[in-house]
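Please treat every number below as a calculation from the coordinates, not as lab data. Keep in mind the model is a prediction, meaning the values are calculated, not measured. Backbone-built Cβ (ideal geometry, glycine too); neighbour counts: all protein chains shown.
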């Protein structure tokens, strides 16, 4: 009898201890999650710093003090102590380009991370899924027939969508390893669209269409205007906001279609929404900057190493890191040599070896 | 409260996979589904989980057809515990468990403090609290299976459907997982598990349903239903039913070298 009583009391004490433990866990957990949040904010601070420094870089150097003064004068009344040409260069040339570099980098990285989640495939990215090649084809077609910014973007989007849908359907029919299936179908679809682009180049007018297609395919942020910004910003926002809202649904989908469904996730709707949004932001990027490879594959993987695979943190981290990465690369692109190096070339040169490095490292975050 | 399967038939093209199957799952009971490979166990389970809907007959929870319930509502009543697998992206045991709580969250929102607490309580119930920050793939097979159960508990569903949840576990882990599962039935959970291990059925189950070629051939308490004849019919195996020293537990062992 006493023994039973003792047991009861012990049980109760243990039980209450356990519950305090849970409260405690909640607190320590918060600290751990705060570490990830802190990391993301740290990256954001670095991005802001890099942003301001970038404004000063270029053929016509502008000092940090002047930059802050010029930017500040838009909000407060500041006695101008700078050249008016500095202000012109800053607002007309550098600011649009730098903002666009950030937007494109952020978009490509977020699109890549999202593709990886819903395809449950670490190799999914705008380049490998053929979205970029598809979008290039649509854009090249539009350059030839309409030469209008809106048409180029629409062409890039529609053609990008077609290529993703195609890759997805083909990869579902492949037998065996699903990662391999997706990559192989991506290569297949990419090469089809690349062949299409080659043909378009062949028949394009060599005087104006051909150079503009060629240059555009190499990817470049040169000659960015405020109009480009206005044009790209809206579709990027329309695409990125739903992706952020669906972060936990994407988490569930990484477990697989059926498991996600038994968790109450409407997998079809989520998958279609995510593909539409990710393709929209990719196409918006491609339409203003041309084809910029590797960002969508490398940055999400880098971020997985930093904050783990939970999309709650992975998407914001990818957004900020993607922006930071492309901003830095664009700085090299416009400042390293006296002539501009197309940014698509640089992202490949930097991105590919870096991906090798990530692949061969063992540590893992979760 | 119960889950009822009524005259369920399923055909795949011309082939009949399930034929006119009826049974009932009670809350507070551990029901096992047995039968040889390829007999339609998985199909039956997928029908119950509403992953397949083109069946004939009816599946009801408390008298309401599962086809009339929204996906979210269904997920709040019924959770799926899959066979052990390797997710593409590793996540922490806690993140894995929190995933279960999205069943009760509105679309477009993320788990908050309250959901984290639910997940931690589920982990605690499975005795995994100390592993919460460990990577899912860095835990043992038994711990991983228990994490998947914890995820189902975090879903706060009362019906748990387990697909050969003990298939890839070693001897010790298998029984630790089953003890936990048995504990859950005492708290009122309704548990339905497919298995190939007859000793699990005899030791733990309150009820067993046996399938043979798409038809139900037995349904009842394991000690009354599982015998030499059933084993012969189901698996073409000659077995001997042996009693343990306690005089209650029975186990079946295969006979060797006899036809």
Measure of compaction for region B:183-259 (Cα Rg per 2.2 N^0.38 Å): 1.17
If you count, for every residue in A:263-276, the Cβ atoms of partner chains within 10 Å of its Cβ, what is the mean? 3
In this structure, the FRET efficiency calculated for residue B:53 and residue B:113 from their beta-carbon separation, with R0 = 41 Å, to the nearest 0.05, is 0.70
Report, to one decimal in Å, the Kirkwood hydrodynamic radius for region A:145-268 based on all distinct Cα pairs. 17.8 Å
Comparing A:42, A:326, A:280 in a Gaussian network model of chain A (Cα, 10 Å), the one with the largest mean-square fluctuation is A:42
Where in region A:155-172 does the amide nitrogen come within less than 12 Å of the point 7 Å from the Cα of residue A:188, taken along Cα to Cβ? A:166-172
Assuming a ≥ b ≥ c are the square roots of the Cα gyration tensor eigenvalues, decide whether region A:93-206 counts as rounded (a/c under 1.5), prolate (otherwise, with a/b larger than b/c) or oblate. oblate
If I fit a long axis through the Cα atoms of helix A:131-145 and take the longest principal axis of the Cα atoms of chain A, what angle between them do I get, 0 to 90°, rounded to 10? 30 degrees
Which three extents, in whole angstrom, do the alpha-carbon atoms of the protein assembly as shown cover along their principal axes, largest first? 98, 64, 46
Along each of the three principal axes of the Cα atoms of region A:314-366, give the extent in whole Å, ordering the values from largest to smallest. 43, 25, 13
Just subtract the alpha-carbon distance of residue A:60 and residue A:272 from 0.36 nm times their residue separation and send over the number in nm, one decimal. 71.6 nm
Distance between modelled label sites at residue A:76 and residue A:39, nm, 7 Å Cα→Cβ extension: 3.6 nm
Nearest-0.05 FRET efficiency for residue B:187 and residue B:229, computed from C-beta distance (R0 30 Å): 0.30
Using the basic label-point model (7 angstrom from Cα toward the beta carbon), what is the residue B:133 to residue A:203 distance in nanometres? 6.3 nm
For chain B, what relative contact order do you get, as a whole percent, if you take Cα pairs closer than 8 Å and at least 6 residues apart? 25 percent
Expressed as an acute angle from 0 to 90° and rounded to the nearest 10, what is the orientation of the C-alpha long axis of helix A:149-173 relative to the principal long axis of chain A? 40 degrees
For Cα pairs less than 8 Å apart in space and 6+ apart in sequence, what is the mean separation divided by the residue count of chain A, i.e. the relative contact order in percent? 25 percent
Computed log₁₀ I(q)/I(0) - Debye formula, equal Cα scatterers, no solvent, region A:220-340, q 0.09, 0.10, 0.15, 0.16 Å⁻¹: -0.31, -0.38, -0.78, -0.86
Region B:74-177 - percent relative contact order, Cα under 8 Å, separation 6 or more: 46 percent
Folded to 0 to 90 degrees: helix A:267-289 orientation relative to chain A principal axis, Cα: 30 degrees
Distance from the Cα centre of region B:124-174 to that of region A:129-202, in angstrom? 42 Å
How much FRET efficiency would the formula 1/(1 + (r/R0)^6) give for residue B:217 and residue B:86, where r is the Cβ-Cβ distance and R0 is 35 Å, rounded to 0.05? 0.50
